[in-house]
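A.B. asks: My structure is below; once you've seen it, I'll send some questions.
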Amino acid sequence: MSDLPHAFAPELNARFLAAFDRAGKIVRGLDALGAAEAGGSIAGRDVVLVDATDGPIRRGLVDAGARIVDAPLALPLRLGQADGSADVVIGLWSAFRGNNATETAEVDRVLRPGGRHLVVHDYGRDDVSRILGSRPEYGAWSQRGGPFLSGGFRVRVLHCFWDFDSPEETASFLSDAFGSAGSTVAATLKRPRLSYNVAIYHRSKPTGSEALDC
């Protein structure tokens, strides 16, 4: 289950949670993009959250007023919700790994007309990606001809951080969590934080004549 992009042993996970997106940009981005209209909020909306734990993002969405229903990740994807019962479907890192027509159809089955489909993945071009190396999230997925942007999604990139309390804690965590790759990046940092770019791919379920044209 994935409310966060990485899973660590409990002690490391607690240190990661303390550093991860302290500004809450990911929750604010989901709140805004899950709204029914520009400038709105996710408050009062029925939200299906796929494959998430009771982590900071889920809690943040609840605090923002979303009515959360949890759904397990299954292959092929099959959501347990009734047709037209949700306003928003959200996947966080582990779900919707590349746009898939079958999965999109299942999401649209559950969404009400005009409902929102949001998918969170790492974007790269940051300090974190220098540790993790090459991944499809950092290249093909975010390109204009990639699976999301060519499949009806738009993208909003959030410039987030992993913020630590000191350079020593930064170096210690990165070494403990990622070994020599983490230590190498830690040695290049000028401040006790890592730049971390997150993509929210977003689309709306077609309504009325839009649906007929698809």
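Every number in this text was worked out from the coordinates using simple rules, so none of it is lab data. Nothing here was measured: the structure is a model prediction, and the numbers come from that model. Positions of Cβ are generated from backbone atoms using ideal geometry, with glycine treated the same way; all protein chains shown enter the neighbour counts.
A.B. asks: Calculate the length of the line joining the C-alpha centroid of the range 86-112 to that of the range 36-50, in whole Å.
C.D. replies: 15
A.B. asks: Fully extended, how many nm does the chain gain between Asn13 and Ser204 (0.36 nm per residue separation, minus their Cα-Cα distance)?
C.D. replies: Taking 0.36 nm per residue and subtracting the Cα distance, the gain is 65.4 nm.
A.B. asks: Which ordering of Phe173, Phe96 is given by a fewest-first count of other beta-carbon atoms within 10 Å?
C.D. replies: Starting with the residue having the fewest Cβ neighbours, the order is Phe173, Phe96.
A.B. asks: Hey, another quick one. Any idea what diffusion coefficient the range 88-165 gets from Stokes-Einstein, in µm²/s, Kirkwood Rh on alpha carbon pairs, 20 °C, 1.002 mPa s?
C.D. replies: 155
A.B. asks: Ordered by residue, what ³J(HN,Hα) values in Hz, to whole numbers, does the range 144-158 give under the Karplus form 6.51 cos²θ - 1.76 cosθ + 1.60, where θ = phi - 60° and Gly and Pro are x?
C.D. replies: Per residue, the Karplus-derived 3J(HN,Hα) values read 4, x, x, x, 7, 5, 8, x, x, 8, 10, 9, 10, 9, 9 Hz.
A.B. asks: Taking one equal scatterer on every alpha-carbon of the chain, how large is log10 of I(q)/I(0) by Debye at q = 0.07, 0.10, 0.12 1/Å?
C.D. replies: Here the Debye-derived log intensity ratios amount to -0.22, -0.45, -0.64.
A.B. asks: In which sequence would Asp3, Asp63 go, from the one with the fewest C-beta neighbours within 10 Å to the one with the most?
C.D. replies: Least crowded to most crowded, the residues run Asp63, Asp3.
A.B. asks: Something else: Counting other beta carbons within 10 Å of each residue's own, what order do Lys25, Lys205, Lys190 fall into, fewest first?
C.D. replies: Lys190, Lys25, Lys205
A.B. asks: Can you list the equivalent-ellipsoid semi-axes of the range 159-199, largest first and in whole Å, using the square root of 5 times each Cα gyration tensor eigenvalue?
C.D. replies: Taking √(5λ) for each eigenvalue gives 16, 12, 9 Å, largest first.
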